[in-house]
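Q: Handing you this structure, nothing more for now.
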Amino acid sequence: MIVALNNKCNLGKEEFIKYLEELNNIKTTHKMILAPTFINIPNVKTTTLDLAAQNVSCDTNGAHTGEVSAEQLKSYDVKYCIVGHSERREKQKETNEEIKLKIEKLFEQDIIPILCCGETKEERLEGKEKEIIEEELRVALDSLEEEKKNKVIIAYEPIWSIGTGLIPTNEQIEEINKFIKSKYNNKVLYGGSANDSNIDELKKCKTIDGYLLGGLSLKPGNLQDFVNKL
Ligand code: 13P
């Protein structure tokens with residue numbers, strides 16, 4: 001299983017160094033991927049974790065103030081990059097078209113995208129969840145060559161579940177994952193309030209290939225319990 005840790009905008013320099021020590025002590029055979037904030041990337045010293053970024057520029061190196069390019073990420077041994085997280089779609093107004101460009105830039109540097117998709121509470125109440133996810137994945141993936149497309153890791157993150165403690169039922173997760181897998185030959189992670197208390201139930205979903213963890217990523221002790229139960 002893949003266990004990807006999205007630190008989001010958390011941990012200053014000293015906090016991160018201490019955190020990383022604890023993270024490096026986690027014992028597991030699962031594949032662990034760490035996505036710190038950009039400024040903590042140079043401080044990652046590890047033999048047990050693969051390095052990810054939380055975002056990438058649509059552009060290559062040049063006059064793009066405040067951006068970080070895929071080429072720069074590559075120079076820091078970044079192997080994966082989250083794209084299309086709902087927090088960026090909402091606050092930075094990222095579009096499916098921009099996310100597609102980001103994925104192309106990542107592949108130019110052999111960095112594997114972790115593409116997030118998922119519906120809001122309103123969209124689910126209106127029964128539009130599959131329509132939304134289908135569109136997010138179609139625009140981002142369908143023009144890619146088959147070989148590249150298959151490498152993308154998809155993360156199903158229902159927006160109403162992120163940081164809320166609300167978890168979809170296993171049936172709801174299975175339904176979405178089966179829908180995604182009927183169209184794409186990709187690994188699908190689940191993200192949204194997953195933790196060491198609900199993993200016993202979540203892991204009954206046989207279509208989940210791993211997890212994208214936000215809040216839990218910041219708690220190495222609970223993370224050890226999570227991977228033990230996985
Ligand atoms: P939480 O695990 O805090 O709900 O966050 C999930 C997430 O957004 C991971 O990208």
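The values are calculated or read from the model by the stated rules, or taken from the named source; none is laboratory data. A quick note: this is a predicted structure, and the numbers were derived from the prediction, not measured. Counting neighbours? That spans all protein chains shown, and the Cβs are built from the backbone with ideal geometry, glycine included. When the accessible area is computed, the model is the full protein with side chains, heavy atoms only, and any ligands, DNA or RNA have been set aside. Shrake-Rupley method; radii C 1.70, N 1.55, O 1.52, S 1.80 Å.
Q: With all protein chains present, how much of the accessible area of the chain (probe radius 1.4 Å) comes from carbon and sulfur, to the nearest whole percent?
A: 48 percent
Q: Hey, another quick one. Checking the cross-link filter: which lysines have an alpha carbon closer than 16 Å to that of Lys18, excluding same-chain neighbours under 8 positions apart?
A: Lys45, Lys219
Q: Taking just the alpha-carbon atoms of segment 78-230, what radius of gyration and Dmax come out, in angstrom?
A: 15.0, 42
Q: Run the simple label-point estimate for Asn61 and Glu108 please: 7 Å along Cα→C-beta, distance reported in nm.
A: With each label placed 7 Å out from Cα toward Cβ, I get 1.2 nm.
Q: So how exposed is Val78, as accessible area in Å² (1.4 Å probe, rounded to 10)?
A: Answer for Val78: close to 0 Å² accessible.
Q: Skip the ligands, DNA and RNA, and give the accessible area per residue of segment 1-143 with a 1.4 Å probe, whole Å².
A: 51 Å²
Q: Continuing with the same structure: For segment 3-119, build the charge dipole from Cβ charges (+1 Lys, Arg; -1 Asp, Glu) around the Cα centre, then report which of Ile114, Thr29, Ala53 sits farthest towards its positive end.
A: Thr29
Q: A follow-up question, please. Which value in nm describes the separation of the simple spin-label points at Gln92 and Asp142, placed 7 Å from the Cα toward the beta carbon?
A: So the label points at Gln92 and Asp142 sit 2.5 nm apart.
Q: Can I ask one more? Just flag the GluC sites (Glu not before Pro) in segment 46-153 sitting in loop per DSSP whose Cβ has no more than 11 other Cβ atoms within 10 Å.
A: Answer in residue order: Glu145.
Q: Mind checking segment 7-84 for trypsin sites (Lys or Arg not before Pro) that DSSP puts in a loop (not H, G, I, E or B) and that have at most 10 other Cβ atoms within 10 Å?
A: Passing sites in segment 7-84 are Lys27, Lys45.
Q: Counting only protein chains, not ligands or nucleic acids, how are His64, His30, His85 ordered by accessible area (probe 1.4 Å), most first?
A: Accessible-area ranking of His64, His30, His85, largest first: His64, His30, His85.
Q: Same structure, new question: Give the relative contact order (percent, whole number) for the chain; include only Cα pairs under 8 Å separated by 6+ residues.
A: 20 percent
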